[in-house]
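To keep things clear, I will list the structure first and then write my remarks on it.
Rule-based calculations on the coordinates, nothing more; no lab input. On a predicted model such as this, the values are computed, not experimentally measured, just so you know. No Cβ is skipped: glycine too gets one built from the backbone with ideal geometry, and neighbour counts run over all protein chains shown.
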Amino acid sequence: MARVKFTAARVRDFACEAGKQQSFLWDSEAVGLALRATAKGARAYVFQSRLGEREMRVTIGSPRDWDITHVREEARRLQRLIDAGKDPREEKRATMEADRAAAEARRHAAQREAVTLRDAWDVYVAERCPKWSELHYRDHVTLASAGGEPKKRGKGITEPGPLAALLSLRLADLSADRMAEWLAVEAEKRPARARLAFNLLRIFAGWCESKADYRGLVDPQAVSTRLSKDALPKRGIKTDALQREQLAGWFAALRQLENPMMEAYLIGLLVTGARREELAGLRWDDVDFRWRSLHLADKVETETGRRIPLTPYFGSLLRELKRINETPPNVRQMRRLTARGETWKPSDWVFSSKTAADGRLVAPNNALYRVCTTAGIPPVTLHGLRRSFSSLAEWTETPTGVVAQIMGHKPSATAERHYKVRPLDLLRAWADKLEAWILTEAKIEFQPAVEQALPVIHAMK
């Protein structure tokens, strides 16, 4: 096998011999280095040697890309690998895989850097919403809403949520300075909503750190509580609650609503101490009229919920709602349903709503505000009615542990947590006593039916 010293002219002029598929020009300076030319005109430097008992040939590259000096250095490097017992082809494959992995890492890094808050927020809400209450889910949707949609109640269009101004930002751009600017603007317009939005954003940032696709993108200082403390006014302690002397006026104004469902719901919050969503999410299957109990989806006991007493007056209101719910529509209404291709059936929700998307009560806040205004008393929130249950219970000397168990509070002492297990009939005795006291103060005459009083006769003795 003749060898010649590679020169630029020899490399340029070398071509495949006539009648052959390929020809080789071997270099005399670097052992194993050759220039291969094919009958189709392709030319490339190759390196040929032996590794153990195997003959191998490795393509280095085209003469257009490799000059003679560098191709000789590459041939010598390949020979050193063989001398060390390594296969150059394996090394080339490993290098190519490393290059592909590096390219993929760069592509993934670029994708990570391009992720916006909206992209990650949508993934977060979709993943976490099965574990949330409906109200908590609705907060995430409304706070991130772009606005501009017709209002469901009243005229005009909805405003963008507090988080809307941040959604187009990349997660990597969510800096402390940008968050401080956002908080300053939102604190001026709606501090309470801004505080809620910031808290949800902090939880979202923690979720991002648990996901490989988003880890490290959000600056921890951007969701530092120091920012909210500096920008938002100090949160006051809410003390809104109905006072004893306000009960008569409040009940009188409540009756003016002429809405039995809303009246029953607001009274239910007052006499049960339930959370707004616990009572709004009540289904008829959760109401036991015989044993006078309600089964609520508890915030603390998320798996089993909690069972509380159904007091006589509130029970009578629910019986009336059930009668209304199970009364078929009149002929004209039935025809309208048929024309729309719909069929009538009673609602599964105790506090149902024909206008709500999920068929149950959603926003009773306005009704409660109107009641307080009509009664001439300071506004009381829905949670304020729950607070009223706790404060009014002291007038009847109801034990604190009984109040806490009915309201669904966690036990606050060892004795309560491990040794006090109050049966429903004992809770019912105190709940009935409190409701009766409230009705007396509200100047409402009510005589429970005999069958409603039977379950608590022994407990009251």
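The table below lists the values:
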| read-out | value |
| --- | --- |
| Charge dipole (debye, nearest 20) of the chain; +1 at Cβ of Lys and Arg, -1 at Cβ of Asp and Glu | 740 |
| Sum of side-chain charges, Lys92 neighbourhood, beta-carbon under 15 Å (Lys, Arg +1; Asp, Glu -1) | +1 |
| Pairs of Cα atoms farther than 43 Å apart, the chain, % | 46 |
| Rel. contact order, % - alpha carbon contacts under 8 angstrom, at least six apart, region 3-111 | 17 |
| Protection proxy ranking of 15-22, 130-137, 264-271 - average other beta-carbon atoms within 10 Å, highest first | 264-271, 130-137, 15-22 |
| Residue-averaged 222 nm ellipticity for the chain, from DSSP H runs of 4+ at -39500 (n - 2.57), nearest 500 | -14500 deg cm²/dmol |
| Calculated FRET value between Thr95 and Lys40, using beta carbons and R₀ = 22 Å, to 0.05 | 0.20 |
| With Cα atoms, 0 to 90° folded angle of helix 424-441 axis to the chain main axis | 60 |
| Principal axes of region 191-233: Cα extent on each, largest first, Å | 35, 17, 9 |
| Positive dipole terminus of the chain, leading residue within Pro309, Gly281, Thr95 (C-beta point charges) | Thr95 |
| Size of electric dipole in region 3-111: Cβ of Lys, Arg +1 and of Asp, Glu -1, about Cα centre, debye, nearest 20 | 220 |
| Set Lys131/Lys211; Lys155/Lys354; Lys155/Lys229 screened for pairs whose C-alpha atoms are more than 28 Å apart | Lys155/Lys229 |
| Per-selection Rg to Rh, region 244-460 - Cα, Kirkwood hydrodynamic radius | 0.98 |
| Principal-axis tilt of helix 365-375 within the chain, Cα atoms, nearest 10 degrees | 30 |
| All lysines inside 29 Å of Lys433 as judged from Cα atoms, apart from same-chain residues fewer than 8 positions distant | Lys238, Lys299, Lys322, Lys410, Lys420, Lys443, Lys461 |
| Size of electric dipole in region 244-460: Cβ of Lys, Arg +1 and of Asp, Glu -1, about Cα centre, debye, nearest 20 | 520 |
| Inter-label distance for Glu159 and Asp286, nm, one decimal - labels placed 7 Å from Cα along Cα-to-Cβ | 3.2 |
| Principal-axis tilt of helix 191-209 within the chain, Cα atoms, nearest 10 degrees | 40 |
| Förster radius 35 Å - calculated FRET efficiency between Asp213 and Thr59, Cβ distance, rounded to 0.05 | 0.35 |
| Region 3-111, Cα convex hull volume normalised per residue, Å³ | 137 |
| Whole-number percent relative contact order across the chain, with pairs defined as alpha carbons under 8 Å at least 6 apart | 11 |
| Per-peptide average of other Cβ atoms within 10 Å, ordering 3-12, 194-203 highest first | 194-203, 3-12 |
| Positive dipole terminus of region 174-221, leading residue within Asn199, Met179, Gly216 (C-beta point charges) | Asn199 |
| Cα-based Rg and Dmax for region 117-231, where Dmax is the largest Cα-Cα distance (Å) | 14.2, 45 |
| Reach of Lys20 by Cα under 28 Å, taken over lysines that are not fewer than 8 positions away in the same chain | Lys5, Lys40 |
| Cα point-scatterer Debye curve for region 234-322, base-10 log of I(q)/I(0) at q = 0.12, 0.26 Å⁻¹ | -0.43, -1.37 |
